[in-house]
Amino acid sequence: MNESKATVLVVEDEAAMLAGLVHNLEFEGYRTLTATTGREALERLHKTPPDLVLLDVMLPEMNGFDVLRELRLSHPKLPVILLTSKGLETDKLQGFKLGADDYVTKPFSIQELLARVHAVLNRAGGAPDASNVVRFGEVEVDFAQREVRRAGQMVPLAMKEYEMLRLLLRRRGEIVTREQLLHEVWGYSPDNAPTTRTVDNHVAKLRSKIGNDHIVTVQKVGYKLVG
């Protein structure tokens with residue numbers, strides 16, 4: 001991964017969510033710092049200033065809005081993206097009035113979040129070079145150009161196929177469940193997810209383009225990328 005990537009402070013009290021965010025950010029090459037409370041975030045911020053903050057609103061002891069209010073006193077230009085399950089217009093307005101640069105409502109697609117991180121850093125003049133090429137078998141994925149080649153030939157992928165491949169690459173060699181694919185690629189929650197045939201159909205199309213041997217089916221669970 002590119003060592004010139006920015007440092008992101010992730011402030012999230014849910015352990016699984018925190019681990020997932022850190023894993024995906026670091027896969028993209030970002031350096032990460034973490035905090036699980038508002039006070040810890042402010043302490044970490046003053047000791048090691050990051051390039052961007054991903055800030056959950058619903059934090060124990062001190063909520064994200066209060067953290068943002070205090071953060072802006074010492075770091076008026078530090079990019080901040082709020083993460084929250086709150087989707088009310090008034091909450092978004094409050095966040096923007098306090099100086100948030102963006103606002104992402106849970107559940108969200110990790111690809112959407114990564115795109116917002118890059119966009120906010122780019123606007124702030126701090127987006128690093130995202131050049132990153134991953135190879136497996138005869139397949140080459142250039143994340144910077146959003147291009148996929150097989151045996152040197154360009155492979156046209158639909159957006160969902162490309163996002164599925166990105167997720168499978170992040171979890172390379174690990175099982176990715178259909179539910180995880182539906183959540184992270186399509187943005188569905190367990191309550192409103194469509195049938196798993198949606199995933200299966202897209203996997204079939206992706207296999208036909210990059211080769212059947214690279215995506216292994218784990219019966220009744222999901223898929224994993226090998227090679």
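The values are calculated or read from the model by the stated rules, or taken from the named source; none is laboratory data. Keep in mind that what you see is a predicted model, and the values were worked out from it rather than measured. Every residue, glycine among them, receives a Cβ derived from its backbone with ideal geometry; neighbour counts consider all protein chains shown.
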Under the condition of being among the aliphatic types (A, V, I, L, M) and surrounded by fewer than 17 Cβ atoms within 10 Å (Cβ to Cβ), which residue from segment 109-133 is modelled with the lowest pLDDT? A124
Filter segment 90-108 for residues that are at pLDDT 85 or above and of a type in the set (S, T, Y); which is farthest from L9 (Cα to Cα)? T105
Qualifying position, being surrounded by fewer than 16 Cβ atoms within 10 Å (Cβ to Cβ) and either among the charged types (D, E, K, R) or at pLDDT below 85 (or both), among A158, A144: A144
